[in-house]
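Below is one structure, written out as structure tokens; the observations come after it.
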Amino acid sequence: GIMVGLSPTYITVIVFLALMGIAGGGYHPSSTPLIVGSVSPHQRGQAMGFHAIGGSASYFLSPLIAGAIAVGFGWRASFISLAIPSVIFGIVFHLVLTKRLKSRKAEGTLTGSLGAEAARSGTDRMRRLTALIIMSTANYAILISVVSFIPLYLVDHFGISEGLAASLVAGIYSSGLWASPLGGYLSDRFGRVPVIIIVCLMAGPVIYLLNLVSYGPGMIILLVGIGMVIYLRMPVAEAYVVINAPENHRSTILGIYYF
């Protein structure tokens with residue numbers, strides 16, 4: 001019933017956006033255990049923080065690039081222009097990472113055990129893990145759902161152009177360039193659970209302020225703040241899930257977490 005009244009073009013875009021999400025869904029569940037298991041216990045948070053920089057950089061730059069292309073050549077050109085290098089890089093990364101992984105396995109340098117943090121009883125670990133997954137995913141879902149509507153809010157409420165509104169979203173994702181490593185560092189120093197709880201409590205105020213801040217520098221600062229809340233939590237929660245998940249179910253539980 002939702003599709004009634006939509007043109008075939010809109011339906012096609014929605015379907016292929018969903019397929020794009022499905023195609024990319026296997027990346028995090030497989031990469032996170034590999035990273036966490038390859039570094040020492042006191043560096044896992046920082047490792048996950050630096051890992052998030054790559055995704056943050058793409059989220060930061062893509063709206064700027066796509067917005068510029070859309071203004072000059074239309075939205076179709078944005079999708080086509082960004083899809084081509086994505087396919088090429090995907091093939092290259094697959095070949096390079098497969099070769100490196102085989103080499104490291106042969107050398108025996110991958111860390112098999114995640115150490116003392118995973119030494120709790122199975123029941124206690126699963127109880128803590130379930131509570132964190134519910135809290136972290138609920139927090140992330142709320143923030144991302146808000147982020148999805150921010151361009152519409154900027155256009156309808158403040159009357160700015162669509163291209164500029166799309167570009168301003170880059171301010172949110174620019175936070176990942178520094179907030180993710182900072183979150184990882186804080187978690188290694190003060191513990192993962194305290195950092196996650198504090199960051200989750202910050203989500204409410206930053207969302208509420210969207211209704212109070214006028215368009216200008218204050219709005220840009222607030223968008224960066226929303227991104228900070230998202231990216232401070234992300235590497236910390238991912239590392240916690242991997243460390244506390246049963247070894248033979250880590251990727252499966254991460255898949256559920258990201259779902």
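The values are calculated or read from the model by the stated rules, or taken from the named source; none is laboratory data. All of these numbers come straight from a predicted model, not from anything done at the bench. Here Cβ is always computed from backbone atoms with ideal geometry, including for glycine, and neighbour counts include all displayed protein chains. The accessibility values were calculated without ligands, DNA or RNA, using every heavy atom of the protein model including side chains. Shrake-Rupley method; radii C 1.70, N 1.55, O 1.52, S 1.80 Å.
Residue under question is Gly184, and the condition is that it be open to solvent by less than 30 Å² (accessible area, probe 1.4 Å), under 25 Å from Pro63 (Cα atoms) and not charged (D, E, K, R); does it hold?
The answer is no for Gly184.
Hey, could you check region 150-163 for residues that are over 22 Å from the mean Cα position of the chain (by Cα) and of a type in the set (A, V, I, L, M, F, W, C) and say which is surrounded by the fewest Cβ atoms within 10 Å (Cβ to Cβ)?
Residue satisfying both the conditions and the ranking: Phe158.
Taking region 46-102 only, how many residues are closer than 16 Å to Pro181 by Cβ and of a type in the set (A, V, I, L, M)?
5
Residue by residue, here is whether (1) in a helix (DSSP H, G or I); (2) within 30 Å of Ile65 (Cβ to Cβ); (3) modelled with pLDDT of 80 or more holds:
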{"residue": "Ala77", "(1), (2), (3)": "yes, yes, yes"}
{"residue": "Ser81", "(1), (2), (3)": "yes, yes, yes"}
{"residue": "Val87", "(1), (2), (3)": "yes, yes, yes"}
{"residue": "Val92", "(1), (2), (3)": "yes, yes, yes"}
{"residue": "Leu101", "(1), (2), (3)": "yes, no, no"}
{"residue": "Lys105", "(1), (2), (3)": "yes, no, no"}
{"residue": "Leu132", "(1), (2), (3)": "yes, no, yes"}
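Please specify each residue of region 122-140 satisfying the condition of being of a type in the set (S, T, N, Q) and surrounded by 11 or more Cβ atoms within 10 Å (Cβ to Cβ).
Thr130, Ser136, Thr137, Asn139
Does Ala166 satisfy being open to solvent by 20 Å² or more (accessible area, probe 1.4 Å) and in contact with a Gly (Cβ under 6 Å, 6 or more places away or on another chain)?
Yes: the conditions hold for Ala166.
Yes/no per residue for (1) under 30 Å from Gly74 (Cβ atoms); (2) aromatic (Phe, Trp, Tyr):
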site: His157; (1), (2): yes, no
site: Glu162; (1), (2): yes, no
site: Ser167; (1), (2): yes, no
site: Tyr173; (1), (2): yes, yes
site: Gly176; (1), (2): yes, no
site: Leu182; (1), (2): no, no
site: Ser187; (1), (2): no, no
site: Gly191; (1), (2): no, no
site: Pro194; (1), (2): no, no
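Which one of Ile196, Ile226 is out of contact with any strand residue (DSSP E or B) (no Cβ under 7 Å at 6 or more places or on another chain), under 19 Å from Ile134 (Cβ atoms) and open to solvent by less than 10 Å² (accessible area, probe 1.4 Å)?
After applying the criteria, what remains is Ile196.
With assigned to a loop (DSSP other than H, G, I, E, B), modelled with pLDDT of 85 or more and not charged (D, E, K, R) as the only criterion, which of Leu212, Leu223 stands out?
From the options Leu212, Leu223, the qualifying one is Leu212.
Being more than 18 Å from Met219 (Cα to Cα) and of a type in the set (Phe, Trp, Tyr) is the filter; apply it to region 165-193 and report the residue that is nearest to the chain's Cα centre (by Cα).
Across region 165-193, the extreme among qualifying residues is Trp178.
Got at least one residue in region 237-247 being more than 20 Å from Ser174 (Cβ to Cβ), open to solvent by 20 Å² or more (accessible area, probe 1.4 Å) and either of a type outside the set (D, E, K, R) or part of a helix (DSSP H, G or I) (or both)?
yes
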